Amino acid sequence: MTESVPAEVSVADLTLEEKASLTSGADFWTTKSVDRLGIPSILMTDGPHGLRKQAGETDHLGLAGSVPATCFPPAVGLSASFDPELAERVGVALGAEAVIEDVAIILGPGINIKRSPLCGRNFEYMSEDPIVSGVLGAGVVRGIESKGVGSSLKHFAANNQETDRLRVSADVDPRALREIYLRGFQRVVEDAQPWTVMCSYNRLNGIHTSEDPWLLTQVLRDEWGYQGIVVSDWGAVNDRVPGVAAGLDLEMPSSGGRTDADVVAAVRDGRLDEAALDVVTERLLELVRKAQARPAADGPLDVDAHHALAREVAGRSIVLLKNEHAILPLTASQSVAVIGPFAEQPRYQGAGSSQINPTRLDNALDGIVGHAGQDSVSFAPGFPLDGSGDGFALRRDAVALAASRDVVVLFLGVPAPEESEGFDREHIDLPAVQLEVLDAVLAVNPMAVVVLSNGGVVALPFADRVPAILETWLLGQAGGSAVADVLYGTVNPSGKLAETIPLRLQDTPAFGNFPGEFGHVRYGEGLLVGYRWYDAHGLEVRYPFGHGLSYTTFEIGDAAASVNSDGDVAVTVPVTNTGSVAGREVVQVYTSLRGSAVQRPPRELKAFASVPLESGATTDVSLTVRRADLAYWDMRVDGWVVEGGRYVVEVGASSRDLRTSTAVDVDGDALTFPITMESTFEELLADPIAGPELKTVVESQFGFDNDMVKMLANFPVGRLDGFPLPRAAILALVERAGTNARSIGDSSE
Ligand code: BGC
């Protein structure tokens, strides 16, 4: 690096105009420089799973070209690995490519919760679960930033749909917001401190996130201790002046100077405190300093090495949904009919701002030929991808081919135009033409493996009729080879579903509340997002959250759990590879609290580990459930509270394949509630000072009648109106009670 912010430059050296100028971009991708003081400009670039560095025309929709870069599996694939170390390795590779391209900040990862399978951008997001999103998101951030490059955690927050995304208000209750939609962001911020956080386009409970002091300062900085800068999503700024006061440091892209002038005018006429602008400027100077400290590249891009990593990650992203009669892996001696255009023209990423110009592109057909040899493999398209051409002839030829081969590998998927940033899907069905080909093929050859390519979940009405299904999501540039690796068993599948595959769209949590109307979307399902919903409602699903098979089998032994000195719950469980090949199991820990004082889903994922095991090997897997992750958001105190009690700890291979269960006693957080005349009879009775007295008095007058107590339990004591005690006696008790401190869930009194 040649330029750097001189160490002695401070906010005080900048004029008001210069400070304002730093708060918005110079153009589409760079910040402004201040030449007089030697403050350079820095470059940002999309996107989560590869670099989209535009050398010519610029845009934020992936329309104009970009320099070649490795296209790793989008988040929908990577998250199926349930492996933060793998995510970190991808981050390291992204960071290395950024260094080579002189990019200071990569705009990713995206960790918004998959609230509905219809969200057009689900392929860019990790999971329906905040712990999965947060743990993997932190891995990506750590990896990128280990190379001296910044990341941008996006889109903060509650950007869970594309419909009306620049205006819609996500109307979310405090508990769901904290426990589901913010929890992953909190995890990444606290664990990995990304250089930047990108605010979302939408409004949150009526307020534009780009000018929400509660979100950008109170929650992000004051509560979570965030040190970095907040950048706007591209075009998310509604009104720049309140944005500065709220903690939005950088507006992107350039406003052509318009909003800088607004900021200057607002300081001049007293609407904006210059001190707020100084804070933002200081943070921006710090960002530029960090960017300028970036070490030089080790050398040019090692295309082969990064392609190999993309292939490894793609292999880890594939989820084996079903494998009856061990039809998979295939052997090279079997003759194979490969059917479906996706085998030749892979769908490997989604459309929009994350669209990468790959350095290379593998297809599965070549990969299959590579494993089985040209003579064993024949291909027929089977159906047209765009609906054009002679569909009947394509189907006829494919069926004839299928009938004459040992096995069929049929590639089905969502056509690219149906999935993109910018709009949501309208349904979760595969095109009818594809399902017709599947039926016709099954009629002549039941030995069929379905390989799915899709960024968002699809309904699988045929699941019971085919012996094997591989969910391959979108796998990046080496996905074709990885699919073949899994089909032929050189890679043993280990991916797990980071989102539930429902039976029907009508069963999904947000159905009826998505995508909202007239500028508002109500998160009516509250906490019950993803598997939390299906479990709470006792609904059947096609494949549950956490599901994924292997070519080997694993035994999960008896789990043990105890609270360690940090207050976290340490879980250990022996896992054995009981099959004949090496493989990986993703061990999943779910907790629940029976009889909780608050509403809870039946179980929630709190820890997981991806465990490699040789055939026959056993290992004791240690996992940690953080005490903080047991907390619920308590609306009475506006804070996290760990409820005391006996937590059930279930460990398994999916949310519905729980193999072992144990329990652990956790002390609750002490909460202080003053007893007032608004406290209920039950609360007064539970008070350690006033309670026994109240009980004695009531007992002496009426006998302690449980039915009566039950009826009175909910009455605020101030409204009992003389029964069972005179108001003056109640008042005296309330005064004596004063403050009642006890642990939530603590029934010791
Ligand atoms: C997207 C962001 C992206 C930005 C820049 C926006 O439309 O929402 O995710 O980083 O454009 O391309």
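The values are calculated or read from the model by the stated rules, or taken from the named source; none is laboratory data. Keep in mind that what you see is a predicted model, and the values were worked out from it rather than measured. FYI the Cβ positions are ideal-geometry reconstructions off the backbone, even for glycines, and counts take in every protein chain you see. These area figures cover heavy atoms from the full protein model, side chains too; ligands, DNA and RNA do not enter into them. Shrake-Rupley method; radii C 1.70, N 1.55, O 1.52, S 1.80 Å.
So, in the stretch 98-146, of the ones that are part of a helix (DSSP H, G or I) and open to solvent by 10 Å² or more (accessible area, probe 1.4 Å), which residue ends up nearest to the ligand (Cβ to nearest atom)?
GLU145
Would you be able to tell me the number of residues in the stretch 161-184 that are within 13 Å of the ligand (Cβ to nearest atom) and open to solvent by less than 10 Å² (accessible area, probe 1.4 Å)?
2
Looking at the structure I just gave you, is GLY150 within 16 Å of the ligand (Cβ to nearest atom) and under 18 Å from GLU85 (Cα atoms)?
no
Could you check how many residues of the stretch 252-296 are under 30 Å from GLY91 (Cα atoms) and open to solvent by less than 20 Å² (accessible area, probe 1.4 Å)?
9
Being more than 19 Å from ASP233 (Cβ to Cβ) and either away from the ligand (no atom under 15 Å from the Cβ) or assigned to a loop (DSSP other than H, G, I, E, B) (or both) is the filter here; which residues of the stretch 51-75 pass it?
Those that are more than 19 Å from ASP233 (Cβ to Cβ) and either away from the ligand (no atom under 15 Å from the Cβ) or assigned to a loop (DSSP other than H, G, I, E, B) (or both): ALA55, GLY56, GLU57, GLY65, VAL67, PRO68, THR70, CYS71, PHE72, PRO73.
Quick check on ALA87: is it outside any loop (DSSP other than H, G, I, E, B) and more than 16 Å from the ligand (Cβ to nearest atom)?
Yes.
Give the residue, chosen from LEU430, LEU438, LEU475, that is among the aliphatic types (A, V, I, L, M), under 27 Å from SER353 (Cβ atoms), open to solvent by less than 40 Å² (accessible area, probe 1.4 Å) and without any contact (Cβ under 8 Å) to a residue 40 or more places away in the chain.
After applying the criteria, what remains is LEU430.
Scan the stretch 253-287 residue by residue and report those that are within 16 Å of the ligand (Cβ to nearest atom) and either assigned to a helix (DSSP H, G or I) or touching an Asp or Glu at 6+ places or on another chain (Cβ under 8 Å) (or both).
Of everything in the stretch 253-287, those that are within 16 Å of the ligand (Cβ to nearest atom) and either assigned to a helix (DSSP H, G or I) or touching an Asp or Glu at 6+ places or on another chain (Cβ under 8 Å) (or both) turn out to be PRO253, SER254.
Check VAL231, VAL188 and return the single one that is part of a strand (DSSP E or B), within 16 Å of the ligand (Cβ to nearest atom) and touching a residue at least 24 places away in the same chain (Cβ under 8 Å).
When all the criteria are applied, what remains is VAL231.
Just to be sure, is ASN323 open to solvent by 20 Å² or more (accessible area, probe 1.4 Å), closer than 29 Å to ALA432 by Cβ, touching an Asp or Glu at 6+ places or on another chain (Cβ under 7 Å) and more than 16 Å from the ligand (Cβ to nearest atom)?
No; evaluated as a whole, the condition is false for this residue.
Please determine, by comparing only the residues of the stretch 729-744 that are open to solvent by less than 40 Å² (accessible area, probe 1.4 Å) and within 30 Å of ASP665 (Cβ to Cβ), which one is modelled with the lowest pLDDT.
If we take residues in the stretch 729-744 being open to solvent by less than 40 Å² (accessible area, probe 1.4 Å) and within 30 Å of ASP665 (Cβ to Cβ), then ASN740 is modelled with the lowest pLDDT.
Of the numbered conditions (1) in contact (Cβ under 8 Å) with a residue 40 or more places away in the chain; (2) of a type in the set (A, V, I, L, M, F, W, C); (3) away from the ligand (no atom under 16 Å from the Cβ), TRP214 fails exactly one; give the number of that condition.
(1)
With respect to ASP485, determine if the residue is out of contact with any Lys or Arg (no Cβ under 6 Å at 6 or more places or on another chain), assigned to a helix (DSSP H, G or I) and under 19 Å from LEU78 (Cα atoms).
For ASP485, the condition - out of contact with any Lys or Arg (no Cβ under 6 Å at 6 or more places or on another chain), assigned to a helix (DSSP H, G or I) and under 19 Å from LEU78 (Cα atoms) - is met.
Consider only pairs whose beta carbons are under 8 Å apart and that are at least six residues apart or on different chains; among these, list those whose first residue lies in the stretch 351-375 and is within 16 Å of the ligand (Cβ to nearest atom) and whose second residue is of a type in the set (Lys, Arg).
Here the result reads GLY352/ARG121; SER353/ARG52; SER354/ARG52; GLN355/ARG52; ILE356/ARG52; ASN357/ARG52, each pair linking the stretch 351-375 to a residue that is of a type in the set (Lys, Arg).
Considering the stretch 297-320 alone, what residues qualify as being within 30 Å of MET447 (Cβ to Cβ) and open to solvent by 50 Å² or more (accessible area, probe 1.4 Å)?
Result: ARG311, GLU312.
Given the criterion at positive phi and touching a residue at least 24 places away in the same chain (Cβ under 8 Å), identify the matching residue among GLY110, GLY62, GLY25, GLY91.
None of the other options fit; the residue is GLY62.
The conditions are (1) within 25 Å of the chain's Cα centre (by Cα); (2) touching a residue at least 12 places away in the same chain (Cβ under 8 Å), and SER615 fails exactly one of them. Which is it?
Looking at each condition in turn, SER615 falls short on (1).
Where the second residue is surrounded by 12 or more Cβ atoms within 10 Å (Cβ to Cβ) and of a type outside the set (Asp, Glu) and the first is part of a strand (DSSP E or B) and lies in the stretch 700-716, which pairs have Cβ atoms under 9 Å and are six or more apart or on separate chains?
Taking only residues 6 or more apart or on different chains, the pairs are PRO716/THR676; PRO716/MET677; PRO716/SER679; PRO716/THR680; PRO716/PHE681.
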